[in-house]
Amino acid sequence: MTQDDIKTLDTPPDLGRRKFLNTAALVGLSGAGLSVGLSACNKKESAPAAGAPSAQGEVKGEVGEFGKYEVPPGQLDDYYSFSSGGHSGEVRIYGIPSGRELKRIPVFNMDPLVGWGITNESKAILGTKPNGTPKYTTGDTHHVHQSYTDGVYDGKYMFVNDKIHGRLARIRMDTMECDKITELPNVQGFHGTFTDKRDPVDSKINYTTRVFCGGEFAIPLPNDGRDVNDPTKYKSLFTCVDSNTMEPRWQVLIDGNCDLVASSYDGKLAATNQYNTEMGVHYEDMMAAEMDACLFFNVARIEEAVKAGKVTTIAGSKVPVVDGTRASNKDPKTALTCTVPIPKNPHGVNISPDGKYYACSGKLSPTASVIEHDLVLKWFDGELANPRDAVVAEPEIGLGPLHTGFDNKGNAYTTLFLDSQIVKWNVAEAIKAYKGDKNAKAVVDRIDVHYQPGHGFTSMGETKDSDGKYFISDNKFSKDRFLPVGPLHAETAQLIDISGDKMKLVADHSVYSEPHDSIIVRRDIIKTRQIYNMDEFPLAVKDPKESGVFRNGKKVTVKLTSQAPTYSLREFKLKKGDEVTIILTNHDKVEDLTHGFGIPKYDIQFIVNPQETKSVTFIADKPGVYWCYCTNFCHALHLEMRTRMIVEA
Ligand code: K7E
Ligand code: CUA
Ligand code: CA
């Protein structure tokens, strides 16, 4: 910053900018020969024309109608949106309706800011190779869902899958940090996941105990080089993970593949759509059949079978596996699974908030199939001969239907990938039409989105408390909607007001690739902590006086604390070849007072939040002086917050 820059800060910046923008907008209009537009513009007292930059503080006319969706400076959003970040491997948190990005939670990726994949604590969660580096450094998060108590989010945990390496992560909602990661045995392409919404077996337990996980890619089991050329030996597994221990409880061997997963509100069923009932290993083969399926799992029967020991195991894993293949589950009275035929290559299965219906869309069919929960249960009781009769509606809704969200008035909102639209349709009307009522009309409204939507979801729509206020369309392409930033475009999460009869597009939120799937959660459900408790960390350096260098042969422990704007050690000495563990405890108790710790040339960087302890281990293989400095701006003397690491030759 030069002295000139500092001087310009004295003039209120808004005033100058506003003047400039108004003039520029007018010049732009007259330059284009739009004299009519210009006079209209004058009447509205400089309301910005479409395409012209709008000046701060002058939202009027067309822009003004969106005012009620704006969150003024200093005010808070009504909802959180928790979003999987796709192949970034992380989870993001946004405020809704503003679209403000509030946080990124590193999960399956590396993150130098917080030190994820760098600190010993994060590596213990991620798992490591024998050389101490993280086992995997890539991740692909697809679906986020929170823990439930009796059908509504309880604010305890969030779960997210990693498609690429078949892992499930748990995020604590009080700190919004990942605390456990489980790798599912014998699963490749772990795609859909859903927490159960109540315990199906013990009626006294209302809270989430299970997380269901669908394996998408069928592989030889075990996948150790045998049977690679025999596709008939390829199978998928549907896994249940205990949400408390994060250990896999059981797996179900199935034909075909799992894709998305849904769980029922009574805890009795879990469902997965199957697009590859053909068991094709080549692209064309997966589209050969006219009908694929939605596969239902009878959770109580599976758990009984596991208890009774009717299980096998697959080499390399101790997790009990039950047989859910079609050939072994023909008798409804004993079946663990029920196959409901659904038109061509469905994608997405979602349950309505009243717990009655699943919507499963045929990606290559313009339909959404409505499956009645109670009729699937009837099939399991032997009272419904044909599982296809559990389908009670199949409205034609548009091209490329994928995912469905629900409001609190019986309407469904489905993303249409090929049509680039959201279609609103009424479930009860669709059922009437399916029964032959000529006057029934399923489709209520349509709205264009920009462009090619993937997931779409309603506010609180995955809970009994669905409130019918907002829908977000997570789009796969943004093309011309934002300032160009090179070949990799921003992606869009478009906010739609669904509270009225007509859907109304109210905001384009730009998102860094990729806004894969999200949930919108009422803010009162989330209760976070502002600081840690020092006692939670076994390694905590509780008193700055405990600081120092502690040597045990070549193994050296350096203990230090931070308190703005200093570290407890001004310097510390090591010898070349030492295996060093640095333990840093942040003694600041002030909300938001985070410090960092970076060591040049040693590739170490992490932060410690108030009252938090973190550690790193490395070999001091480079002699010299290394200024370890605070990376997180914390104090007027932040730049002075350093300690000197001296590595003696
Ligand atoms: Cu949720 Cu894309 Cu992973 Cu549909 S899947 S879009
Ligand atoms: Cu401590 Cu910057
Ligand atoms: Ca198919």
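The values are calculated or read from the model by the stated rules, or taken from the named source; none is laboratory data. For clarity, every value in this text was computed on a predicted model and none was experimentally measured. All Cβ positions, glycine included, derive from the backbone under ideal geometry; neighbour counts span all protein chains shown. Ligands, DNA and RNA are stripped out before the accessible areas are found, and what is left, the full protein with its side chains, is counted by its heavy atoms. Shrake-Rupley method; radii C 1.70, N 1.55, O 1.52, S 1.80 Å.
So, with +1 on the Cβ of K and R and -1 on the Cβ of D and E, and no other charges, what is the size of the charge dipole of the range 172-236 about its Cα centre, to the nearest 20 debye?
Once rounded to the nearest 20, the dipole reads 220 debye.
What is the sum of charges around Asp266, taking Lys and Arg as +1, Asp and Glu as -1, for the other residues whose C-beta is under 12 Å from the C-beta of Asp266? List each step's numbers first, then the result.
Working: positive: Lys197, Arg198, Lys268, Lys356, Lys464; negative: Asp150, Asp196, Asp199, Asp354, Asp374.
Every neighbour counted, the sum reads 0.
If Lys and Arg each add +1 and Asp and Glu each add -1, what is the summed charge of the other residues whose beta carbon sits under 12 Å from the beta carbon of Gly86?
With Lys, Arg at +1 and Asp, Glu at -1, the neighbours total -4.
Quick check: the distance between the Cα centres of the range 437-474 and the range 617-643, to the nearest angstrom?
The distance from the Cα centre of the range 437-474 to that of the range 617-643 comes to 51 Å.
Per-residue counts of other Cβ atoms within 10 Å, averaged by peptide: what ranking do you get for 529-535, 468-474, highest first?
Listed from highest to lowest mean packing, they are 468-474, 529-535.
Say the dipole of the chain comes from +1 at the beta carbon of Lys and Arg and -1 at that of Asp and Glu; which of Ser568, Leu377, Gly214 then lies farthest toward its positive end?
Farthest towards the positive end: Ser568.
Which value, in debye to the nearest 20, gives the size of the charge dipole of the range 579-631 about its Cα centre, when Lys and Arg are +1 and Asp and Glu are -1 at the Cβ?
Roughly 160 debye for the range 579-631.
Whenever you get a sec, compute what percent of the accessible area on the range 534-648 sits on carbon and sulfur atoms (1.4 Å probe). Kindly include the intermediate steps, with their values, before the conclusion.
On the way: 2880 of 5620 Å².
In the range 534-648, the share of accessible area belonging to carbon and sulfur is 51 percent.
Can you give the accessible area of Met279 in Å² (nearest 10), computed on protein heavy atoms with a 1.4 Å probe?
Its accessible surface works out to 50 Å², give or take rounding.
Checking the a/c ratio against 1.5 first, then a/b against b/c, what shape does the Cα gyration tensor give for the range 98-212?
Prolate, since a/c reaches 1.5 and a/b exceeds b/c.
Note the full-extension length gain between Asn552 and Asp202 as 0.36 nm times their separation in residues minus their Cα-Cα distance, in nm to one decimal.
120.8 nm
Using alpha-carbon positions, what is the distance between the centroids of the range 165-187 and the range 273-296, in Å?
Distance between centres, Cα-based: 29 Å.
Could you sort Asp588, Asp465 by their accessible area in this structure, using a 1.4 Å probe and putting the largest first?
Asp465, Asp588
Taking the Cβ of Asp419 as the centre, find all other residues whose Cβ is under 15 Å away and add up their charges (Lys, Arg: +1; Asp, Glu: -1). Walk me through the intermediate numbers first.
Values: positive: Lys363, Lys424, Arg446, Lys476; negative: Glu396, Asp445, Asp448.
With Lys, Arg at +1 and Asp, Glu at -1, the neighbours total +1.
Just how much of His347 is accessible, in Å², when a 1.4 Å probe is used and the result is rounded to the nearest 10?
It works out to around 30 Å².
Obtain the nm distance between the two label points defined at Lys589 and Ala428 by a simple spin-label model: each point lies 7 Å from its Cα along the Cα-to-C-beta direction.
A separation of 5.7 nm, rounded to one decimal place.
Distance from the Cα centre of the range 486-565 to that of the range 312-367, in angstrom?
Each part's Cα centre sits 35 Å from the other's.
Can you work out the Karplus-derived ³J(HN,Hα) for every residue in the range 405-421? Use 6.51 cos²θ - 1.76 cosθ + 1.60 with θ = phi - 60°, whole Hz, and x for glycine or proline.
Working through the residues one at a time gives x, 10, 9, 9, 10, x, 9, 10, 10, 10, 7, 10, 4, 6, 7, 6, 9 Hz.
If the chain between Glu183 and Tyr512 were fully stretched, how many nm would it gain, using 0.36 nm times the residue separation less the Cα-Cα distance?
115.8 nm
Under the rule of -39500 (n - 2.57) per DSSP H run of 4 or more residues, summed and divided by the residues of the chain, what mean residue ellipticity at 222 nm is obtained, to the nearest 500 deg cm²/dmol?
Rounded to the nearest 500, the figure is -3000 deg cm²/dmol.
Give the long-range amide H neighbours of Ala393: residues separated by 5 or more places, or on another chain, with amide H under 5 Å away, using H modelled in the peptide plane at 1.01 Å from N.
Those qualifying (amide H under 5 Å, at least 5 residues apart or on another chain) are Val370.
Applying 1/(1 + (r/R0)^6) with R0 = 51 Å to the Cβ-Cβ distance of Arg644 and Phe66, what FRET efficiency is obtained, to the nearest 0.05?
0.40
As a test, work out the antiparallel percent of DSSP beta bridges whose residues both lie in the chain, rounded to the nearest 5.
Of all bridge pairs located within the chain, approximately 90 percent are antiparallel.
Stokes-Einstein at 20 °C, 1.002 mPa s, Kirkwood radius from Cα pairs: D for the chain in µm² s⁻¹? Present the calculation step by step, with values, prior to reporting the outcome.
Numbers: Rh = 27.4 Å.
D, rounded to a whole number, is 78 µm²/s.
Can you send over the carbon and sulfur percentage of the accessible area for the range 78-525, probe radius 1.4 Å, protein chains only?
Values: 8910 of 16810 Å².
Exposed carbon and sulfur together represent 53 percent of the surface.
Roughly how many Å² is the accessible area per residue of the range 513-649, as a whole number, for a 1.4 Å probe?
With the other protein chains kept in place, the range 513-649 gives 49 Å² per residue.
Using the Cα atoms of the range 534-648 to build a convex hull, what is its mean projected area in square nanometres?
For the Cα atoms of the range 534-648, the hull's average projected area reads 6.5 nm².
From the Cα gyration tensor of the range 219-349, with a ≥ b ≥ c the square roots of its eigenvalues, which class applies: rounded if a/c is under 1.5, or else prolate if a/b is larger than b/c, or else oblate?
oblate
Could you pull out every one of the lysines with an alpha carbon less than 21 Å from that of Lys330, ignoring same-chain neighbours closer than 8 positions?
Those lysines meeting the cut-off are Lys233, Lys235, Lys268, Lys310, Lys378.
Is there a quick way to get the dipole size of the chain? I mean about its Cα centre, with the Cβ of Lys and Arg at +1 and of Asp and Glu at -1; what is the value in debye to the nearest 20?
About 1240 debye.
Which Cα, out of Ser420, Pro395, Cys178, lies furthest along the positive dipole direction of the chain (beta carbon charges, K/R +1, D/E -1)?
Farthest towards the positive pole: Cys178.
Would you mind giving the average projected area, over all directions, of the Cα convex hull of the range 485-594 in nm² with one decimal?
Quarter of the Cα hull surface area: 13.8 nm².
With a Cα-only, solvent-free Debye model of the range 409-541, what are the log10 I(q)/I(0) values at q = 0.17, 0.19, 0.22 Å⁻¹?
With no solvent term, the Cα-only Debye profile gives -0.92, -1.05, -1.26.
Can you list the residues of the range 183-200 with backbone N under 19 Å from a point 7 Å past the Cα of Glu247, pointing along Cα to Cβ?
Zone members listed by number: 183-187.
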